[in-house]
Amino acid sequence: MLQCFLRSSKTVTTVPRSLTSLIYPSFLLFYSSSPNPPPNQRQPSPSPIASPTRVLKLISAQSDPLLAKEIFDIATTQPGFRHSYSSFLVLILKLGRSKHFSLVDDLLVRLKSDQYRVTPTLFSYLIKIYAEADLPEKALSVFYKMLEFNVKPLPRHLNRILELLVSHRNFIMPAFDLFKTAHKYGVFPNTKSYNILMGAFCLNGDLSIAYKLFNKMFERDVMPDVESYRILMQGLCRKSQVNRAVDLLEDMLNKGFEPDSLSYSTLLNSLCRKKKLREAYKLLCRMKVKGCNPDIVHYNTVILGFCREGRAMDAVKVLEDMPSNGCLPNLVSYRTLVGGLCDQGMFDEAKKYMEEMLSKGFSPHFSVSHALIKGFCSVGKIDAATEVLGEMLELREVPHTDTWGTIVPTICEDYETDKMEEILEEVMKVEIKRDTRIVEAGIGLENYLIRKIRNRSK
């Protein structure tokens, strides 16, 4: 007969496996009979005295949440057995992460009916579980569930629930209702609470509500922070109210706040889009005085603003000022500037900055080199155009199809056969790859050769 060996701290006893498996799994049973009972003595019945600590370890070690729940249920059937609170906590986590939410609800009912002393940590885990599962309604219910357990919600619980609610547009008003009533339950919104709601209303286009919340902070002695101002500035800029956003920056500075980098980025971008380039440049210069050194994003924003408005030489000034202010131009800075100079027909100046870009190890986008080559070709500077093309080929940069289509016909038109062959021989020295696309420029050569043949025929 198969035997099952069960070990306690004092004795080791063998019992038929068929008897134990029908009642309890062996890992939950302990026996306290003597090792060799007399033949005429009745075999003692199992005493289900597995400790709550042992059950907790078994539940914790189980990777299958449903099997962990089965262990929990079997232990529950033992007379006089009471689970530890930690067993509930671990099992709720396992079931919640595996989305067995009905079983989680059952365990919460059990905790309540058995009058366990519950800690706020349990509800923090529940909010996190429902957030990961993207269940805003369940997360909202946690707030009121805490009250049922006589656990006072903390501001961090409120804020985490608010964050989840406002991430769904149709739950913004339920979030606002919770925010307004939280104080009735002894939970007072803090700065982060206000920021969450203000950000949600700004994104939703309800700027007036966001402004009211901002003003309420001062009435209720809640100190706004840099993020509070930034959220409102971003909302104003989205509504194209950049002047009000600048006024808010002034208010922020007057009250002793130091705007962060993102606040300045928001204003600079908005000023440039509204074509207020002078104000944008003044703000850029003012940043360092106010304790925030402009970074590459701030400079590139202003350079792009000037180039968009056909003021490439002002963009040159901004780029030239960068090193003295501790910020070096990057690839985007040069690409934007070269493109802006080309758009204004300043091809020699653009070539100068493209060469500077290449000398610093930056690779120009094909659109930049194409604009420069096309520009030189349009004003008859074929030598300059072929020089740019040669530099690109030396760097193993693949010219765009349109670039070949622009320069080859121009060469054919402007040079004698010998000169054209010389240039094309230099080009052909470069390794031709699948994506070189020089073949697609053949239409220009084809037209040239057709004209030559017709001239000879005449």
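The values are calculated or read from the model by the stated rules, or taken from the named source; none is laboratory data. Keep in mind that this is a model prediction, so the values were computed, not measured. Neighbour counts are summed over all protein chains in view; Cβ atoms, including those assigned to glycine, are modelled from backbone coordinates with ideal geometry. The protein model used for the area step is the full one, side chains on, heavy atoms only, and it has no ligands, DNA or RNA in it. Shrake-Rupley method; radii C 1.70, N 1.55, O 1.52, S 1.80 Å.
If each of Glu356 and Leu203 carries a label point 7 Å out from its Cα toward its Cβ, how far apart are those two points in nm? Simple spin-label model gives 4.1 nm for this pair. Placing dummy labels 7 Å off each Cα toward the beta-carbon, the span from Val289 to Arg396 is 4.9 nm. Here the accessible area of the stretch 189-231 is 51 percent carbon and sulfur, with a 1.4 angstrom probe and all protein chains present.
Less than 5 angstrom separates the built amide H of Met322 from none of the residues sequence-distant by 5 or more or on a different chain. For the stretch 78-148, the solvent-accessible area works out to 48 Å² per residue, with a probe of 1.4 Å and every protein chain left in place. The packing ranking of peptides 354-360, 366-372, highest mean first, is 366-372, 354-360, where packing means the average number of other beta carbon atoms within 10 angstrom of each residue.
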